[in-house]
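The values are calculated or read from the model by the stated rules, or taken from the named source; none is laboratory data. As the structure is a prediction and not an experimental result, all values here were calculated from the model. Cβ atoms come from the backbone with ideal geometry, glycine included; neighbour counts cover every protein chain shown. These area figures cover heavy atoms from the full protein model, side chains too; ligands, DNA and RNA do not enter into them. Shrake-Rupley method; radii C 1.70, N 1.55, O 1.52, S 1.80 Å.
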Amino acid sequence: MGCWILNESLSVMLVFSWLGVNVYLFIDTFCWYEEEESFFYTRVILGSTLAWARASAVCLNFNCMLILIPVSRNLISFIRGSTICCRGPWRRQLDKNLKFHKLVAYGIAINATIHIVAHLCNLERYHLSRSAEAEGLPAALSELGDAPNESYLNPIRTVHANPTTELLTTIAGITGLVISLALILIVTSSTEFIRQTSYELFWYTHHIFIIFFISLAIHGAGRMVRGQTPESLLLHNVTFCRDHYAEWKAAAQCPVPQFSGKEPSAWKWVLGPVVLYACERMIRFWRFQQEVVITKVVSHPSGVLELHMRKRGFAMAPGQYVLIQCPAISSLQWHPFTLTSAPQEDFFSVHVRATGDWTRALCEAFGADGQAPEASRSRPRLAVDGPFGAALTDVFHYPVSVCIAAGIGVTPFAALLKSLWYKCREPQTQPKLNKVYFYWICRDPSAFEWFADLLLSLETRMSEQGKTHLLSYHIFLTGWDENQAIHIALHWDETTDVITGLKQKTFFGRPNWSNEFRQIAYNHPSSSIGVFFCGPKGLSQTLRRMCRLHSSADPRGVHFYYNKESF
């Protein structure tokens, strides 16, 4: 528990701060509408559901203000690059931007549900107070507005009105319905199952947020929730006149109360973030116009496509990622890919695995099926936005780093290992990083082929430079057939590995992470060790648990800091 607090204390503090603001806004608004004199007559008809609707609306506005900030990639990259403002634990919070985005989305969904239920109750109470069976003060209030020079309180103006019809003929009702449908589509298409099986569906439905925000901004324009005007409060003493409602039109001391709708405020909450996000999109449009030259296309086994590109003014750091669009496939979709080249190279590259409709279409367009286009002019145009910072850019900020990849998740580490090699070649450069443990778990032996070449090159060059101690790598194969097992057994005694060609032999099966972390902690006592992972969620949870388990409760002991690639 102590290790978890040391690692996650700042995250917990930020989450509780967000919760605290939500709770404060809800309670403060709820109490105000329960006690405010100008809404006394409104409460006579609606009861406490008025306060429930308004309190949840304020929290909804607050969370809608926050929801776009975590996905403003340029802003986050700018903050990440500002080392004065963002160091250590604060820097790691930027890597959890999507988690915070999801957390705020849950807040929006919960408050929207409360708001909808409360207003449905309000609509029914408006209808009942306007019915023929209504009597007393609620009936008197509902009849206001029928005579000249009177303002209404109850938006349902006829006795036999249908609540559903009334709902669908007002600005608040129509925009509320649009907001609800948009939110349902966005939330249901954001599940992990949908994102994995149909990323395109997730991408398109997520952009309904534009309709959501437009409807939110004009939702309050109908001014359905009405309260007594300040001028009317001066002339009409609620405490006295509420018991003399039958004499309102006759008694001078109790004139007919006047009502007005509350000024809409949602647009004030979301204007800043919407402008910020619009700037993000303008930057993307500007980058879309910039020419991207494709210098090399390589088709690797296991359906992996490697693209080498150049772009004027493009500057990157190891571990960053870019967004790529192919107008020939889709003029709207942008997909994230980690850069696999080093900053010292005169090009930047990405590796693409055909896993979805868009990536399969891209691989086919570039001939990843083995029939690559001969002329560069036959290749489709690509647009590149970025680069953007990610968790893996912090690898060089630790004295010891543990890099763990599963399957195609190895691509981010290609740039890191290349950059590590280039740093070793520069004698004047003394990086803070002095040890890297690299783990790669893969199911298909053919997937090793393209990355094994890089590891073999690093192994050879570091051996020549006398720096073999800098990199320790462990490759695990989790899937093989009987023929492969026989072939491996026959060549086991050779000096190089039969699968990868490396001096380090491939391990078969899955790593015992407890033993691996225990050994690393033993080798580096009193060290801050960064653990970086790119791969499936299940393994991520295991590694996070290992970091907590093997970190020392003593601040002077060894500490593992978990970082997961996410974009």
In debye to the nearest 20, the charge dipole size for the chain, taken about the Cα centre with +1 at each Lys and Arg Cβ and -1 at each Asp and Glu Cβ, equals 1540
Taking N as the residue count of the stretch 9-284, its alpha carbon Rg divided by 2.2 N^0.38 Å gives 1.21
If each part is reduced to its alpha-carbon centroid, the stretch 154-208 and the stretch 376-397 end up apart, in Å, by 36
One point scatterer per Cα, no solvent, Debye formula: log10 I(q)/I(0) for the stretch 308-356 at q = 0.30 Å⁻¹ comes out as -1.25
Computed over the chain: longest principal axis from alpha-carbon atoms vs helix 209-218 long axis, angle to nearest 10 degrees, is 20
Ordered by number, the GluC sites (Glu not before Pro) in the stretch 268-333 that occupy a DSSP loop and have at most 15 other Cβ atoms within 10 Å are GLU291
Taking a probe of 1.4 Å and leaving out DNA, RNA and ligands, the stretch 9-284 shows per residue an accessible area in Å² of 52
For the chain, percent of DSSP beta bridges that are antiparallel (nearest 5) comes out at 45
Once amide hydrogens are built 1.01 Å from N within the peptide plane, the residues lying 5 or more places from TYR562 or on another chain with amide H under 5 Å from its amide H are VAL531
Rounded to the nearest whole number, the per residue volume of the convex hull around the C-alpha atoms of the stretch 48-180 in Å³ is 150
With DSSP loop assignment and no more than 14 other C-beta atoms within 10 Å, the trypsin sites (Lys or Arg not before Pro) in the stretch 116-159 are ARG157
Once both label points are put 7 Å beyond Cα along the C-beta direction, the THR478-GLU35 separation in nm becomes 5.8
Karplus-derived 3J(HN,Hα) from phi for the stretch 531-543 (6.51 cos²θ - 1.76 cosθ + 1.60, θ = phi - 60°), whole Hz, x at Gly and Pro, runs 10, 10, 9, 9, x, x, 5, x, 5, 4, 5, 5, 5
Carbon plus sulfur, as percent of the 1.4 Å-probe accessible area of the stretch 9-284, comes to 68
Asserting the computed 222 nm helical MRE of the chain (DSSP H runs at least 4 long, -39500 (n - 2.57) per run, divided by residue count, to nearest 500) equals -15500 deg cm²/dmol
Two pseudo-spin positions, 7 Å from Cα along C-beta at ARG310 and at LEU19, lie apart in nanometres by 5.4
Check: C-alpha center the stretch 283-329 vs C-alpha center the stretch 16-58, spacing in Å is 50
Given 399-409, 223-233, 385-395, 191-201, the highest-first ranking by average Cβ count within 10 Å works out to 385-395, 399-409, 223-233, 191-201
Checked against the structure, the computed Cα extents along the principal axes in Å among (i) 72, 72, 54; (ii) 107, 60, 49; (iii) 109, 59, 44 is the one labelled (ii)
Sorted on mean Cβ neighbours within 10 Å (highest first), peptides 315-321, 253-259 come out as 315-321, 253-259
Most packed first (mean Cβ within 10 Å per residue), the peptides 150-156, 555-561 order as 150-156, 555-561
